[in-house]
Amino acid sequence: MEDEVVLRLDRATAQDLYVTLYEVGEHIAAGAPITPPTTEEVERIGGVLRELAHAIGRHCNAYCDHLG
Ligand SMILES: [Zn+2]
């Protein structure tokens with residue numbers, strides 16, 4: 001695949017990502033409630049967002065200096 005982005009996730013993070021995407025999709029489609037995440041889930045999903053942001057060349061926050 002040209003210009004691909006690869007993220008490696010541990011199983012817990014992959015499960016959190018699946019649940020988050022699934023619940024947001026159901027919320028958008030049918031107004032289903034979104035389960036409030038635990039602190040650990042927030043930290044894991046936050047880590048995915050940071051890695052994904054950097055992988056596509058975006059700053060992870062307003063003060064991000066992680067990009068080259
Ligand atoms: Zn950053």
Report summary line: Taking the range 1-20 and keeping only residues that are in a helix (DSSP H, G or I) and either surrounded by 10 or more Cβ atoms within 10 Å (Cβ to Cβ) or touching a helix residue (DSSP H, G or I) at 6+ places or on another chain (Cβ under 8 Å) (or both), one is left with Ala12, Thr13, Ala14, Gln15, Asp16, Leu17, Tyr18, Val19, Thr20
Query raised in the report: What residue, of Gly68, Gly47, Gly57, Gly25, is within 16 Å of the ligand (Cβ to nearest atom), small (Gly, Ala, Ser) and surrounded by 11 or more Cβ atoms within 10 Å (Cβ to Cβ)?
Result: Gly47
Query raised in the report: In the range 43-66, what residues are free of Cβ contacts under 8 Å to residues at least 24 places away in the same chain and among the acidic types (Asp, Glu)?
Result: Glu43, Asp65
Report task. Would you be able to tell me the number of residues in the range 1-52 that are more than 10 Å from the chain's Cα centre (by Cα), farther than 25 Å from Leu67 by Cα and hydrophobic (A, V, I, L, M, F, W, C)? Result -> 8
Query - Selection within the range 21-68 - in a loop (DSSP other than H, G, I, E, B), in contact with an Asp or Glu (Cβ under 9 Å, 6 or more places away or on another chain) and closer than 26 Å to Asp3 by Cα - result: His59, Cys60
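Every number in this text was worked out from the coordinates using simple rules, so none of it is lab data. A quick note: this is a predicted structure, and the numbers were derived from the prediction, not measured. All Cβ positions, even for glycine, are placed from backbone atoms using ideal geometry, and neighbour counts span all protein chains on display.
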